[in-house]
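The block underneath contains the structure these notes are about, expressed in structure tokens.
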Amino acid sequence: MRIDIITILPDLLVSPFSHSILKRAKEKGLLEVNLINLRDFSTQKQKQVDDYQYGGGAGIVMMCEPISNCIEHLKKERNYDEIIYVTPDGELLNQKMVNTLSLKENIIILCGHYKGIDERIREVYITKEISIGDYVLSGGELAAAVLVDAIGRLLPGVLSDETSALFDSFQDNLLSHPVYTRPEDFKGLKVPPVLLSGHEKNIREWRHEKALERTKARRPDLLKDSE
Ligand code: 6GU
């Protein structure tokens, strides 16, 4: 899978893709992430990519031309399955959307800043708008990093135990059950005996019960969604 990220802050996105699972995904050739500096597509002397909004008001808007030039340049090289704009007014990201996106071949993620992008870019180019939650970030870069992380770990061959993503929190609309490692006794708090019993069926049932309990207590909305 190839993901092209259009941003005015490419440096901000170097580190998130240089560690752990995403690093491995890139090294194995399963994921290619390209950071594209939007300013390289500005036709203005100061490499300007934003301007005052028509109608007045505070906040500047990312202008059409650099974004259009950049997307047209990318589209000459390959076809894109989705051109995603990450924005707080987008569709709220969930695991189902991540699963669907992980099956795509080529996607573009456009990161916004300031008051957002000129509406006409959304009309002409954007195929999907995604928000990562009901709060406002100072730019789309961290949202893009979240999206790429969630997608990247699902690509076949990225996780060493391929089945492990299938048991994730949310894949079955349940939160995760509690987990424990050594020592058996920490400050008087003991590991539940069933986990030390070696009895696979009992362990499986205990984990399911705990996942259900936790989901009922914290996220009952998830249980409603799966009905
Ligand atoms: Cl995608 N962008 C920004 N700027 N803020 C957000 C967001 C995205 N998702 C939630 N808040």
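The values are calculated or read from the model by the stated rules, or taken from the named source; none is laboratory data. Every value quoted in this text rests on a predicted model; they were computed, and no experiment measured them. Glycine gets a Cβ as well: all are built from the backbone with ideal geometry, and neighbour counts include every protein chain shown. In case anyone asks, the SASA skips ligands and DNA or RNA and just uses the protein heavy atoms, side chains included. Shrake-Rupley method; radii C 1.70, N 1.55, O 1.52, S 1.80 Å.
To one decimal place, what orientation-averaged projected area in nm² is obtained for the convex hull of the Cα set of the range 71-227?
If I average the Cα hull's projected area over directions, I get 13.2 nm².
Okay, helix-only estimate at 222 nm for the chain: each DSSP H run of n ≥ 4 adds -39500 (n - 2.57), divide by all residues, round to 500 deg cm²/dmol; what do you get?
-9500 deg cm²/dmol
Give the separation of the Cα centroids, the range 13-50 to the range 126-204, in Å.
Rounded to whole Å, the Cα centres lie 26 Å apart.
Can you pull the semi-axes for the range 2-152, root of five times each eigenvalue of the Cα gyration tensor, sorted largest first, whole Å?
25, 17, 15
For the range 116-133, just list the computed ³J(HN,Hα) in residue order, Karplus coefficients 6.51, -1.76 and 1.60, θ = phi - 60°, integers in Hz, with x standing in for Gly and Pro.
Ordered by residue, 3J(HN,Hα) equals x, 10, 3, 3, 5, 5, 5, 5, 7, 10, 6, 9, 7, 10, 10, 10, 9, x Hz.
When ranked by the protection proxy of mean other Cβ atoms within 10 Å per residue, highest first, what sequence do the peptides 11-22, 98-109 form?
Result, highest mean first: 98-109, 11-22.
Taking every DSSP beta bridge with both residues inside the chain, roughly what % is antiparallel (nearest 5)?
DSSP beta bridges in the chain are roughly 20 percent antiparallel.
Using a 1.4 Å probe, what is the accessible area per residue for the range 82-187, in Å²?
Averaged over the residues of the range 82-187, the accessible area is 55 Å².
Between Arg182 and Leu9, what is the spin-label point distance in nm, taking each point 7 Å from the Cα along the Cα→C-beta axis?
Spacing of the two 7 Å Cα→Cβ label points: 4.2 nm.
Sort 82-94, 213-225, 184-196 for me by packing, meaning the mean count of neighbouring Cβ atoms within 10 Å per residue, highest on top.
With the highest mean Cβ count within 10 Å placed first, the list reads 82-94, 213-225, 184-196.
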